[in-house]
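Please treat every number below as a calculation from the coordinates, not as lab data. Values in this document were obtained by computation on a predicted structure and should not be read as measured data. Quick reminder, even Gly has a Cβ in these numbers, built from the backbone with ideal geometry, and neighbours come from all protein chains shown.
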Amino acid sequence: MTVITLGPEGTFSHELARKLACDPLVLKPTIHGIFAAVAAGEGDGIVPIENSEAGAVGETMDGLSHNNLAITAEMYMPIHHNLAALVPADKIRVIYAHPQTHEQCSRYIERLAVPVIHTSSNASSALEAKKTPNAGAILPESAAAIYKIPIIERNVENNQENTTRFVRISKTPGPGCRPGKCSLLIDPDTDRAGLLYDLLGVFARRGINLTRIESRPTKRGMGTYVFFLDYAVTGQTDEALSELMAITTVRKLGCYPKIEVPP
């Protein structure tokens, strides 16, 4: 099966796909492009969905909202960032960084006290820094090696336990073998006091652990939101889902296993 993920070469998504021995592998310049390719039946996708420091990846959340695709697996990868440049640190006049990378390294970048230009990927940061005089980039080690940019300082992330969760997306649900987690998209068709309390109560009464709840604007107007829920699979999850669907509009995003990432 073809796997589609974020490129160019040197992104964390590309590094993860290589660790998982994905072949053939197709790289797209944006997460939106990955969703479009998967929706067109070109293969499965691997996209980042949340980071322990910066939170949800908005492009992925919106892609799940607007495309009828399924989550079929999740993967966790430690994330370490580095300052790389062709000039010494005191000569750097601008930094290129992906927005999520910027947030994950915000304290270090603040101390550099130079302007930051956002890019579409960590690999794009490397390409821009290489062609711009007196520029640096915040990069994974793999990108610095691929684009031959010396690393000036390693592990500049805010938290040394920095981790990104990735998911595999597909046009069809996974086979359902030994799923550990399920994901839902809730799109309330009403606005009333106590609605969120009622929705969460469906799980609380059955002792089902909600591992994540995230709201995103519907883009239908101010004050309207959809909710993403992840929950641990138990013997009562089907019963909970039936009750939830009687209360509000629910789209099942999939039940799936965790795939261990080789070091």
Q: Go through region 198-228 and give me each residue that's closer than 22 Å to S242 by Cα and part of a loop (DSSP other than H, G, I, E, B).
A: R205, R206, G207, I208, N209
Q) If you take just the helices (runs of 4 or more DSSP H) that sit entirely in region 43-128, which of them hold at least 1 residues that are among the basic types (K, R)? A) 106-112
Q) Can you name every residue in region 156-197 that is of a type in the set (D, E, K, R) and either part of a strand (DSSP E or B) or closer than 22 Å to A56 by Cβ (or both)? A) E157, E161, R165, R168, K181, D187
